[in-house]
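Each value in this text was obtained by applying a stated rule to the coordinates, not by laboratory testing. Just so it is clear, the model here is predicted, and its values are computed rather than measured. Using ideal geometry, Cβ is built from the backbone for each residue, glycine included, and neighbour counts are taken over all protein chains shown.
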Amino acid sequence: MTVSPFSHKVRLLLCGNCAGPLPAPNEGGIATCEFCDTKSVLDPREEIPITPAERPPITEQDRLLKLRGQDGKNVTPPSELPFALMVWHGEDNPKRAKLGIEWWKKTIAGIKEGGSDADKHERVIYWLTLTFTNYYGSRKEWDRLRGMLETSVEVCRVPANLQVLRCYLARFAARMGDFEAAHEWLAACDPRSEDLRMDSAWRYSNALIAQYQSQFSRVLELLGKKFDEVPIAQELDFTVSMVRANALERMDDLEGAKQVLRDTLASTRGQPRLLKEIAEQSHTKLCPQAWPVVYAEAQRGWVIRYWVMTAVWLGAANYFALDWILGEDGDGWSIGLGWLVIPVLAVGWVLRARWRP
């Protein structure tokens, strides 16, 4: 049997010098990079359980209520990063990828040195790892992706960061069909966390494993049958909704699947092209019947909004130009109402960009 790139039975890190894949012994010792010949002294592999040994008892209803109160709070990029990396989300941009790797190597070195900046370093490592997950994943560079994720798991100490990163490893293992490894990556995770980011990552990862195994009732058990039936971190709303709707469609509830997608777009004011990207980038066919119908409906609305706003924006621009040219100095119309067109132009430009078909 071929070992998947995300098998838990092997250990794979990234070289701190060249950021190349670095196979490493579980017991620790010296590992030599085959790309740059750098020798790295490694500690033994340590599986840190994320579930706390003790915590106050809480009912499931109270836990879900506590999670719901955290919804709408997105993770923001660390202020320590340069602006080019703060706005980069893993698109195919080799120049930013090179800059990101330099920051990643520098930050890893800072963590190993210790000191008072450990928390800042971990925030940077966590953000860069999530960004490179998109970058390496789109390029199918599985060894580098796995190496970065596992290296980050070994250096991070914040439970929320650890759980999200392990869940990424589990999802990629499941994508490769290695369900044993997927469950092993999830074994140390907390299934009843009171942190929304941790709980959402755990739910989504288990739901994705169930989807790959055609256990669609299990998917709905984890994610609910309706949008927002269970609290989900905002950054996962679109992806989770596609998986939820797909499970409903596969269980012959086509109208329920359509309604989930409509509710997602309405509740999040989401752009239909975002869900379209998720549907197209998934290596499994999601919602083959429901999604084309809902997308066509939503796209028509967005096209109408776009051209209406374009007409308003062009009208405002022409009005302001004529008023500027023809208005006389001191004319109350030019000084007063004419200048009010400027915010209309600014808002119109933003909305046109958002409503772009």
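Points to keep in mind about this one:
- Residue exposure proxy: Thr32, Thr133, ordered by other Cβ atoms within 10 angstrom of their Cβ from fewest to most, comes out as Thr32, Thr133.
- Proximity of backbone amide H atoms, modeled 1.01 Å from N, is registered between Leu22 and Leu13, Leu14, Cys15 at under 5 Å, excluding neighbours fewer than 5 places apart on the same chain.
- Cα gyration tensor category, rounded, prolate or oblate, for the range 138-195 with a/c compared to 1.5: oblate
- Gyration tensor (alpha-carbon) shape descriptor, the range 1-59, a/c threshold 1.5: prolate
- Per-residue 3J(HN,Hα) values for the range 127-136, derived from phi via the Karplus relation 6.51 cos²θ - 1.76 cosθ + 1.60 with θ = phi - 60°, read 5, 5, 5, 5, 5, 6, 4, 5, 5, 5 Hz in sequence order (x marks Gly and Pro).
- What the phi angles of the range 232-240 give under the Karplus curve with 6.51, -1.76 and 1.60, with θ = phi - 60°, is a coupling list of 10, 4, 4, 5, 9, 3, 5, 5, 4 Hz, glycine and proline written as x.
- J(HN,Hα) series, the range 27-40, from Karplus relation 6.51 cos²θ - 1.76 cosθ + 1.60, nearest Hz, glycine and proline x: 7, x, x, 10, 10, 9, 6, 6, 8, 10, 6, 6, 9, 10
- Across the range 161-288, the convex hull enclosing all Cα atoms gives 96 Å³ per residue.
- Other residues with beta-carbon under 15 Å from the beta-carbon of Lys98 carry, at +1 per Lys or Arg and -1 per Asp or Glu, a net charge of +2.
- Residues whose amide H comes within less than 5 Å of that of Ala233, counting only those at least five positions distant or on another chain, are Ser200 (H built at 1.01 Å from N in the peptide plane).
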